[in-house]
Amino acid sequence: MAPELTGIDHLHVYVPDRKQAAEWFKTVMGFHIVEAFKFWAENDQGPLTIEDPSGTVHLALFQRQDFIPSTVIAFGASGAEFLNWIAHLEALDLVDRLADHTKAWSLYFRDPYGNSYEITTLHYEHVADQMKT
């Protein structure tokens, strides 16, 4: 039997400019730089680590000029917060599409570098009810 994991520690996101990307994540998603790990970014090959306001989601921004955009990174949200994300991302003109998956809803968008993101909620009925109005 395999040892147990505690969850996902962080995800790597490749961007052409770490500081510019950190600013985009701050503006769009409220992320901020993790001061305790800021020294890693002193090395050109090291990550600039950012986290969401709750400190539960961590992204390691790696600077690469010849990067290939990542596969989709999916974030979770409650039904109420999912609706707030729709309004927020629509106001920023970032929504690629909204998908009704019958048991879940997903909202898709991209950063300026082509990396794809998704916000998903499993609170299907709450969102479905609000979408009718």
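The number of residues in segment 90-100 that are in a helix (DSSP H, G or I) and either touching a residue at least 40 places away in the same chain (Cβ under 8 Å) or of a type in the set (D, E, K, R) (or both) comes to 1.
If only residues of segment 48-71 that are among the acidic types (Asp, Glu) and touching a strand residue (DSSP E or B) at 6+ places or on another chain (Cβ under 9 Å) are counted, the one that is surrounded by the fewest Cβ atoms within 10 Å (Cβ to Cβ) is ASP52. Would you please name the residue that is surrounded by the fewest Cβ atoms within 10 Å (Cβ to Cβ), looking only at residues in segment 108-125 that are touching a Lys or Arg at 6+ places or on another chain (Cβ under 8 Å) and in a strand (DSSP E or B)? Checked segment 108-125; the qualifying residue surrounded by the fewest Cβ atoms within 10 Å (Cβ to Cβ) is SER116. Among the listed residues ALA104, ALA2, ALA77, ALA87, which satisfies the condition of being among the aliphatic types (A, V, I, L, M), without any contact (Cβ under 8 Å) to a residue 12 or more places away in the chain and within 30 Å of ASP129 (Cα to Cα)? Sole residue among the options that is among the aliphatic types (A, V, I, L, M), without any contact (Cβ under 8 Å) to a residue 12 or more places away in the chain and within 30 Å of ASP129 (Cα to Cα): ALA87. Of the candidates PRO16, PRO53, the single residue that is out of contact with any helix residue (DSSP H, G or I) (no Cβ under 6 Å at 6 or more places or on another chain) and touching a residue at least 60 places away in the same chain (Cβ under 8 Å) is PRO16. Would you please name the residue that is surrounded by the most Cβ atoms within 10 Å (Cβ to Cβ), looking only at residues in segment 37-47 that are within 11 Å of ARG18 (Cβ to Cβ) and in contact with a Pro (Cβ under 8 Å, 6 or more places away or on another chain)? Result: ALA41. When the residues of segment 88-107 are narrowed to those that are of a type in the set (Gly, Ala, Ser) and surrounded by 11 or more Cβ atoms within 10 Å (Cβ to Cβ), which ends up nearest to THR27 (Cα to Cα)? Once the filter is applied, the top-ranked residue is SER106.
Inclusion of LEU83 among residues that are in contact with a helix residue (DSSP H, G or I) (Cβ under 6 Å, 6 or more places away or on another chain) and farther than 20 Å from TRP105 by Cα is not warranted.
FYI, it's all coordinate maths here, none of it is from the lab. Here the structure is a predicted model, which means the values were calculated and not measured. Cβ sites come from the backbone with ideal geometry, for glycine too, and all protein chains shown count toward neighbours.
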